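Throughout, read-outs are computed from the coordinates displayed, never taken from laboratory work. Bear in mind that the values here come from a model prediction, so they are computed numbers and not experimental data. Because the Cβ atoms are built from the backbone with ideal geometry, glycine has one as well, and the counts that use them run over all protein chains shown.
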Ligand SMILES: [Zn+2]
Ligand SMILES: [Zn+2]
């Protein structure tokens, strides 16, 4: 079992490692730049390989990139769509340089006038473009959505439709965000609902295609269609349901990434809480905290 957070790279890549070590991460996710800007800070090959080596040395593996929030490969606006596809190609190339295990992406919105089927086609074409631009690059990881604002990916069927449509299905993996699923009306907060979700995953894209789980609690009610992350076990999904998820034998091998709000102290509390939810026989050892970070 691997536990980690979405970690900021503000300052430098080395600073990102330091933050991850302080939070006792054994996996992480990050942006390659500011998520709301198209421009990226330059990254030399040396910086990239020192980062990858640094994570390997500390056994923080695997690590993932998350595509920008600006990205909308489904947009009805052609300019934004093209910009998004180009940026996804760049993201996959950077992920390769950083030896990341993949690029997690939100699938984008077709807008209030658009149809979801159009969206799944556009995502598939974006994947094809990125795979062509970076033939040996890491996987592209499709994240489910809460359905807010016509964002594609509120059902696992939509993820499966994208995979069926792309020319490079072997390059595609999936990420389930628990807060998004809960928002989309997938009842993962009940025991039967969690089993039904896993059955649905198996029926659609297949559980082996899961690359990671975003283990977020939700600040908004079940089926709200909204995406508001909350601290582990303290939201609407709650302790008991979170415990069932993180101990589930079919999920336990996955990297669990928390994208919870707040400060470093909040992250430390969330790590403590999620570890308490994990049964002792499943709970991984706590990585050591170096003296200079205490
Ligand atoms: Zn997420
Ligand atoms: Zn979210």
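So which residue, out of 138, 169, 280, gets the largest mean-square fluctuation from a GNM of the chain using Cα contacts under 10 Å as springs?
280
State the three equivalent ellipsoid semi-axes of segment 191-294, derived from the C-alpha gyration tensor as the square roots of 5 times its eigenvalues, in descending order and whole Å.
Three semi-axes, in Å: 25, 18, 12.
Find how many whole Å separate the alpha carbon centroid of segment 149-186 from the alpha carbon centroid of segment 59-98.
So the separation of the two Cα centres works out to 16 Å.
Just round it to a whole percent: the fraction of Cα-Cα distances in segment 214-256 exceeding 17 Å.
Result: 33 percent of Cα pairs exceed 17 Å.
Starting from the Cα of residue 272, step 7 Å toward the Cβ, then list every residue of segment 3-45 with an amide N under 17 Å from that point.
Hits in segment 3-45 for residue 272 at 17 Å: 22-25.
Give, in nm to one decimal, the length gained when the segment between residue 80 and residue 58 is fully stretched (0.36 nm per residue of separation minus the Cα-Cα distance).
Contour length minus Cα-Cα distance gives 4.1 nm.
Taking the highest mean first, how do the peptides 245-254, 283-292, 68-77, 95-104 order by number of other beta carbon atoms within 10 angstrom per residue?
Order by mean packing, descending: 95-104, 68-77, 245-254, 283-292.
Exposure proxy check: 87, 59, 128 ranked by fewest other beta carbons within 10 Å?
59, 128, 87
Neighbour counts of other C-beta atoms within 10 Å: give me 6, 115 arranged from fewest to most.
Values: 6 19, 115 10.
Arranged by neighbour count, lowest to highest, 6, 115 become 115, 6.
Hey, what D do you get for the chain in µm²/s if you plug the Kirkwood alpha-carbon radius into Stokes-Einstein at 4 °C and 1.567 mPa s?
68 µm²/s
At R0 = 35 Å, how high is the FRET efficiency between residue 22 and residue 281 if r is their beta carbon distance? Nearest 0.05 is fine.
My answer for the efficiency is 0.85.
Report the far tail of the P(r) of segment 244-294, meaning the percent of Cα-Cα pairs longer than 17 Å.
So the portion of pairs separated by more than 17 Å is 44 percent.
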